[in-house]
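Chemist: Sharing a structure below in structure tokens format, with a few things to ask.
Please treat every number below as a calculation from the coordinates, not as lab data. Computed from a predicted model, the values in this text were never measured in an experiment.
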Amino acid sequence: MSPSFSPRAVSVRGESMRPTLRDGDACLVLWGLPPRPGDVVVARLPERGLGVKRAEFADPDGSWWLRSDNVGVGTDSATFGMVPAADILGRVVVRYWPRPRVLRRRRVRL
């Protein structure tokens, strides 16, 4: 049986992932898609609820070190430690709002 990935919309809150993601950005997340080092993921953060962080590396036991792109803001694994693989809920695959520059309509002067 092949794995099942469920697309979900997630809204970013806070500044911890700047400049990659900003407060208010909307992203499409494939729920259930396992992380790879360098991926931006949605995870259950210890005593913090859900968060968007970058997956850095996994321990042999499968736990992940998660970090903020904006290390001066927010918390990451330097604060709460490794996160179990079961708490990595999905991988961010695209930011769709505000629209990426490549999808914005070009203004043409006549």
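Chemist: Divide by every residue of the chain the summed helix terms, -39500 (n - 2.57) for each DSSP H run of at least 4, and state the resulting mean residue ellipticity at 222 nm, rounded to the nearest 500 deg cm²/dmol.
Modeler: It lands at -500 deg cm²/dmol.
Chemist: What three numbers, in Å, describe the spread of the alpha carbons of segment 1-64 along their principal axes, ordered from the longest?
Modeler: Computed over the Cα atoms, the extents are 36, 25, 23 Å.
Chemist: Considering Cα pairs under 8 angstrom that are at least six residues apart, work out the relative contact order of the chain and quote it in whole percent.
Modeler: Reported relative contact order: 29 percent.
Chemist: Through the Karplus equation 6.51 cos²θ - 1.76 cosθ + 1.60, θ set to phi - 60°, convert the phi angles of segment 50-61 into ³J(HN,Hα) values in whole Hz; use x for Gly and Pro.
Modeler: 7, x, 10, 9, 9, 7, 8, 7, 10, 6, x, 7
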